[in-house]
Amino acid sequence: MQNQTPEALFIEHRHLEAIPISFAIGYVLPISLMCLAAPRFLSYRFKDTVTGLYQQWHLIIEAVHYTVVWSTSCMVRSGMSRLEYSPETSGLTLELMRTNYVVAMALTALPYWVVSIFSVASWLAPTLFNPKIVHSLHPKWVLVPTWPRKNLKASDPRDGFRWLIQWDILLGTTAVVIWAMALRTYAAEKQNMWANSWWRYFLKAVGYFFVGGPNGIAVGFMWERDEIAFGRLR
């Protein structure tokens, strides 16, 4: 955590250039196929296969990434492969990192806004939705985690799955946000994070949340960490 220097954070440019392609093929493509209606666009069997494979998305992305790096022999724009950090290439390194952070923010913002818009719309204009499902789309069920109680029981598997996803997102995102804030504050600025003005982080967190949802907060603070480390943000 202490070693947050440009040299320590440097990533080979060919890998930075391949990250958006890796996520497009290994992450966005499977999700897009899963969203297509069956059997209108694809068979139930094929959709089930894609859904099963998607559970290993982290391995798929890694396999695609190294395949892209190896097959295309990605090079930095100067025409040379940089294996180590150098001040002359720090600008290009940060530019490529910014591209990846934009992609990361887009990947977290898109599902957040789609779900939020549909959920709020079901509340404001319920006649636009199927009466059988409009109740389950209400913001109080979709956007607000159900508080666990001793006598609370799921009425069907759908409720249990929804509670699991909601609390998985809440706990997982909270941990990642705290980690990102710590890196941004303590590691990048070489300061004790408890000595900083918390209202400043709160306002930034609200802004990142509005743009990209809960995970957008972590993306935003990690982006700031790299900007500080490379000397662009003060």
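Points to keep in mind about this one:
- Whole-Hz Karplus values for the range 55-61 come out as 4, 9, 4, 5, 6, 5, 4 Hz, taken residue by residue from phi with 6.51 cos²θ - 1.76 cosθ + 1.60 and θ = phi - 60°; glycine and proline positions read x.
- Lys-Lys pairs in the chain that are eight or more residues apart or on separate chains and whose Cα atoms lie under 24 Å of each other come to 6.
- Note that the range 207-221 has calculated 3J(HN,Hα) couplings of x, 5, 5, 5, 6, x, x, x, 5, x, 5, 5, 4, x, 6 Hz, one per residue in order, obtained from phi through the Karplus relation 6.51 cos²θ - 1.76 cosθ + 1.60 (θ = phi - 60°); glycine and proline are x.
- The slack between Phe41 and Ile178, meaning 0.36 nm per residue of separation minus the straight C-alpha distance, is 45.2 nm.
- Restricting the trypsin sites (Lys or Arg not before Pro) of the range 114-157 to loop positions (DSSP other than H, G, I, E, B) with no more than 13 neighbouring Cβ atoms within 10 Å leaves Lys132, Arg149, Lys150, Lys153.
- Most fluctuating residue given options Pro145, Pro111, Pro39, as computed from a GNM of the chain linking Cα atoms under 10 Å: Pro39
- Considering only alpha-carbon pairs that sit under 8 angstrom and 6 or more positions apart, the relative contact order computed for the chain is 25 percent.
- Rounded, prolate or oblate (a/c below 1.5 giving rounded, otherwise prolate when a/b exceeds b/c) for the chain by Cα gyration tensor: oblate
- Most fluctuating residue given options Thr173, Thr51, Thr99, as computed from a GNM of the chain linking Cα atoms under 10 Å: Thr51
- Here the calculated FRET efficiency for Glu7 and Ser116, from their Cβ-Cβ distance with R0 = 41 Å, stands at 0.55, rounded to the nearest 0.05.
- Neighbour-count order for Tyr44, Tyr201, fewest beta carbons within 10 angstrom listed first: Tyr44, Tyr201
Only the coordinates and a few stated rules stand behind these numbers; no lab work does. Keep in mind the model is a prediction, meaning the values are calculated, not measured. Glycine also receives a Cβ, built like all others from the backbone with ideal geometry; neighbour counts cover every protein chain displayed.
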